[in-house]
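Reviewing the structure listed below.
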Amino acid sequence: MRYCVWPKCSIRVPRGYCPAHARRRDVDRGTPTERGYTARWHKRAAAFRARYPLCGDRPAGLAPVRSQCRDAGRVTPGDAVDHVTPHRGDPGLFWDELNNWQTLCAACHSAKTIAGL
């Protein structure tokens with residue numbers, strides 16, 4: 001058991017947020033659609049994954065960011081399009097396919113997201 005990751009919360013949980021802060025975090029973040037993950041995003045992300053199908057693939061041969069598969073020399077199919085730099089609502093970063101998107105497998109994407117990167 002560890003402490004809830006909400007700042008200054010003293011509730012112990014197996015991982016992540018306590019129930020009260022998990023709900024609050026979801027309210028603060030908004031729904032995926034409110035954050036920009038619309039039908040347009042899903043269509044563009046699917047096309048991106050078709051062009052860059054493996055974990056760690058990026059346009060123009062750019063180096064992957066936090067792809068444990070690529071670092072270990074594993075060839076793993078990608079499951080998600082990741083924003084290299086978290087967009088935090090910035091549409092420029094959100095839609096920057098050439099510089100800010102990469103394909104990651106679910107495990108690498110989760111590890112990168114948990115690390116806050």
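The values are calculated or read from the model by the stated rules, or taken from the named source; none is laboratory data. Bear in mind the structure is a predicted one, so any value in this text is a computation, not a measurement. Glycine also receives a Cβ, built like all others from the backbone with ideal geometry; neighbour counts cover every protein chain displayed.
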Exactly one of Ala60, Ala20 is exposed (fewer than 13 other Cβ atoms within 10 Å of the Cβ), at positive phi, modelled with pLDDT under 95 and of a type in the set (A, V, I, L, M, F, W, C), and that one is Ala60
Note on the stretch 44-75: residues among the acidic types (Asp, Glu) and in a loop (DSSP other than H, G, I, E, B) are Asp57
Counting only residues in the stretch 1-17 that are among the charged types (D, E, K, R) and not in a loop (DSSP other than H, G, I, E, B), the one modelled with the lowest pLDDT is identified as Arg2
When restricted to Asp71, Asp79, the only residue of a type in the set (D, E, K, R), in contact with a strand residue (DSSP E or B) (Cβ under 9 Å, 6 or more places away or on another chain), surrounded by 11 or more Cβ atoms within 10 Å (Cβ to Cβ) and within 19 Å of Lys112 (Cα to Cα) is Asp79
